[in-house]
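A.B. asks: Here you go, one structure.
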Amino acid sequence: MNSMEKVNKFRDDRNWRQFHNEKDLAISISLEASELLELFQWKQPEEVTANQVERIKEELADVLIYSYMLADNLNFDLDEIIEEKLIKNNIKYPVEKSVGKREKYTEL
């Protein structure tokens with residue numbers, strides 16, 4: 001069973017699909033990402049990655065689980081949409097212009 005199937009089974013075993021519309025899933029992604037970000041607030045990154053590994057994994061998993069559910073609702077193939085985005089990013093950030101730089105593509 002792949003990750004998407006496991007997420008869907010967990011959801012379906014509890015009859016929660018009825019609550020997982022696209023709007024609420026997008027909100028949940030943002031909320032869980034904020035909880036991940038909160039772990040780092042007012043701290044050095046090294047402090048958090050050394051002392052909060054389990055919490056980081058939990059919050060990151062929550063972001064991914066809701067992302068999987070949203071993709072599933074919209075019949076998106078995750079590998080396909082990631083590949084499409086990487087192609088677009090490669091055009092925006094060609095290696096010869098962007099290697100070692102953090103500027104946005106509009107500033108390159």
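A.B. asks: If you keep only loop residues by DSSP, which trypsin sites (Lys or Arg not before Pro) in the range 56-108 have at most 12 other Cβ atoms within 10 Å of their Cβ?
C.D. replies: LYS101, ARG102, LYS104
A.B. asks: With angles folded into 0 to 90 degrees, how steeply does helix 3-13 sit against the dominant principal axis of the chain? Use alpha carbons for both and round to 10.
C.D. replies: For 3-13 against the chain, the angle is about 30 degrees.
A.B. asks: Something else: Hey, got a sec? Which chymotrypsin sites (Phe, Trp or Tyr not before Pro) in the range 1-83 land in a DSSP loop and have at most 16 other Cβ atoms within 10 Å? Please report the intermediate quantities before stating the final value.
C.D. replies: Values: sites: PHE10, TRP16, PHE19, PHE40, TRP42, TYR66, TYR68, PHE76; in loops: TRP16, TRP42, PHE76.
Sparse-neighbourhood loop chymotrypsin sites (Phe, Trp or Tyr not before Pro): TRP16, TRP42, PHE76.
A.B. asks: For the chain, calculate the relative contact order in percent as a whole number, restricting contacts to Cα pairs under 8 Å that are 6 or more residues apart.
C.D. replies: Values: 52 pairs, mean separation 32.8, N = 108.
RCO, the chain: 30 percent.
A.B. asks: Just SER28, SER98, SER67 to compare: in a GNM of the chain, with alpha carbon springs under 10 Å, which one fluctuates most?
C.D. replies: Among SER28, SER98, SER67, the largest mean-square fluctuation in the Gaussian network model of the chain belongs to SER98.
A.B. asks: Something else: Leaving ligands, DNA and RNA out of it, report the carbon-plus-sulfur percent of the accessible area of the chain at a 1.4 Å probe. Could the numbers behind the result be given before it?
C.D. replies: Values: 4620 of 8540 Å².
Of all accessible area on the chain, carbon and sulfur atoms account for 54 percent.
A.B. asks: So, one more: Hey, what's the chain come to in accessible area per residue, 1.4 Å probe, Å²? Show your work: numbers first, answer last.
C.D. replies: Numbers: 8540 Å² over 108 residues.
Per-residue value: 79 Å².
A.B. asks: Quick one: how many lysine pairs in the chain have C-alpha atoms under 26 angstrom apart, if they're 8 or more apart or on different chains?
C.D. replies: 20
A.B. asks: Now for a different question. Would you mind counting up the charge near LEU25? Only other residues with Cβ under 12 Å from its Cβ, with Lys and Arg at +1 and Asp and Glu at -1. Write out the running numbers ahead of the final one.
C.D. replies: On the way: positive: ARG11, ARG17, LYS23; negative: GLU22, ASP24, GLU32, ASP62, ASP72.
Charge balance in the 12 Å sphere: -2.
A.B. asks: Additional query: Taking all pairs of different Cα atoms in the range 1-63, averaging 1/r and flipping that mean, what Kirkwood radius in angstroms comes out? Intermediate values should be presented prior to the final figure.
C.D. replies: On the way: mean 1/r = 0.0750 Å⁻¹.
Evaluated on the range 1-63, it is 13.3 Å.
A.B. asks: So, one more: Suppose every K and R has +1 on its Cβ and every D and E has -1 on its Cβ; what is the size of the dipole of the range 13-78 about the Cα centre, in Debye to the nearest 20?
C.D. replies: Numbers: 6 positive and 14 negative charges, 25 e Å.
That gives the range 13-78 a dipole magnitude of about 120 debye.
The values are calculated or read from the model by the stated rules, or taken from the named source; none is laboratory data. Since we're looking at a predicted model, the values are computed, not measured. Cβ coordinates were reconstructed from backbone atoms using ideal geometry, including for glycine residues, and neighbour counts include every protein chain displayed. Heavy atoms of the whole protein, side chains included, go into the accessibility calculation; ligands, DNA and RNA do not. Shrake-Rupley method; radii C 1.70, N 1.55, O 1.52, S 1.80 Å.
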